[in-house]
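First up is the structure itself, then whatever we jot down about it.
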Amino acid sequence: MIAALALLTVNAGAEEWEPRVDASGQWRYVLESDGARISRHGIEPKGDLLIPSELDGYAVTSISNFAFHGCRDLTSVTIPDSITHIGDWGFSLCEGLTSVIIPDSITSIGDYAFSGCSSLANVSIPNGVTFIGDYAFMGCSSLTSAAIPNSVMGIGLNPFLGCPLAYIDVSSDNPVYAQIDGVLFNMQQKKLVSFPSLKEGTYKIPEGILVIGANAFAESSGLISVTIPDSVTSIGGGAFYGCLGLTSVTIPDYVTTIGHNTFYNCSSLTNVTIPDSVIHIGENAFYGCNKLTLSVKEGSIAEQYARVFNIPYALYQ
């Protein structure tokens, strides 16, 4: 799993304001202008959990960062319709969680909110959610389907990284995002956002795409080859991270930057052709590519990079 998962071990931490404890002694919460935000629990919840809609007479309106982080014995969660926001790492590493009911009242799902919920087999993102944060469902290794409703206006870095998806569905009414053959793009089809990790074989990125998003193809281990069109000008960090079956890639002539970790641990990669338009190659861009020979132009930044990091290379005209 990509290195970002290590962040899930961060201490759940103290709140910025001193939390209150409800009358039952089970819930810690912070009182805000619109109601109560659950910050943590007393006794760690197990089994099937119904989150309360009210604490001490205050409506519960949000789930704080790390609120249920690491509750490994939770099996299901029902979120009441008083809640509008799930915080960053809200349910991260709830490894026993198999189902979660997210109400239509939820408008945003925070970064890493369900990351590492390895037993979560199904989740329905309701029509009401406008934003899905970075890596929101990363490492949900039992999650086999994903659908983006028409209400979603923003998606962070690959929210389904490490999920065994063959297809990402997008509502035909969504004004911001679209899918082509199950691959997630922005509506203008200028940026490739997320490639389902169970897609196998060869893939040709459509003409007109300008940007391959950060971690867009990450951990697509069945991907053997990818054709990048000349329209692409930017390849995000970690774009092909952990693509274990990928054997060769040609970078088009208008790309200027290869981001950090772009081909990290692509252990079958034997050749990457880099044009002299590339003026920056990020840290660990080819780490773990032990079979790799770079094809570079003499005097280029790519040749210098290969020399500095002892990567085998061959010159081309």
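Remarks
- Rounded to whole Å, sorted largest first: equivalent-ellipsoid semi-axes of the chain, Cα gyration tensor: 41, 20, 16
- Residues in segment 36-47 carry Karplus couplings, in order, of 9, 10, 5, 9, 5, 10, x, 7, 4, x, 9, x Hz; the curve used is 6.51 cos²θ - 1.76 cosθ + 1.60 with θ = phi - 60°, and Gly or Pro positions show x.
- Of the accessible area of segment 232-300, computed with a 1.4 Å probe over protein heavy atoms only, carbon and sulfur atoms account for 44 percent.
- Most mobile listed residue (N215, N150, N158) in the chain, GNM with C-alpha springs under 10 Å: N150
- Charge tally around D253: other residues with Cβ under 9 Å, Lys/Arg +1 each, Asp/Glu -1 each, net -2.
- Surface per residue (accessible, 1.4 Å probe) for the chain, Å²: 42
- log₁₀ of I(q)/I(0) at q = 0.27 Å⁻¹ - segment 20-86, Debye sum with one point per alpha carbon: -1.37
- Solvent-accessible area of R28, all protein chains in place: 100 Å² (probe radius 1.4 Å, heavy atoms, ligands and nucleic acids excluded).
- Using the Cβ of V232 as centre and a radius below 15 Å, the other residues enclosed give a net charge of 0, where K and R count +1 and D and E count -1.
- Of all DSSP-defined beta bridges confined to segment 18-93, some 55% are antiparallel rather than parallel.
- Each Lys or Arg adds one and each Asp or Glu takes one away; over the other residues whose Cβ falls under 14 Å from the Cβ of I205, this sums to +1.
- Options S115, V30, S277, ranked by Cα towards positive dipole end of the chain, top entry (Cβ charges): S277
- Two numbers describe the Cα atoms of segment 181-317: Rg and Dmax, which are 13.7, 41 Å.
- Share of carbon and sulfur in the accessible heavy-atom surface of segment 66-193 [1.4 Å probe, %]: 49
- Each Cα pair under 8 Å and six or more residues apart adds its separation to the average, and for segment 240-317 the resulting relative contact order is 28 percent.
- Adding -39500 (n - 2.57) for every DSSP H run of four residues or longer, then dividing by how many residues the chain holds, sets the calculated 222 nm ellipticity at -500 deg cm²/dmol.
- Relative contact order [Cα under 8 Å, 6+ residues apart], the chain, whole percent: 7
- Anchor K199: lysines whose Cα lies under 26 Å away (excluding residues fewer than 8 positions away in-chain): K190, K191, K291
- Distant-in-sequence amide H partners of V77 (H built 1.01 Å from N, under 5 Å): L49, S99, V100, I101
The values are calculated or read from the model by the stated rules, or taken from the named source; none is laboratory data. Everything numeric here is computed off the predicted structure, so don't read it as measured data. Glycine gets a Cβ as well: all are built from the backbone with ideal geometry, and neighbour counts include every protein chain shown. The accessibility values were calculated without ligands, DNA or RNA, using every heavy atom of the protein model including side chains. Shrake-Rupley method; radii C 1.70, N 1.55, O 1.52, S 1.80 Å.
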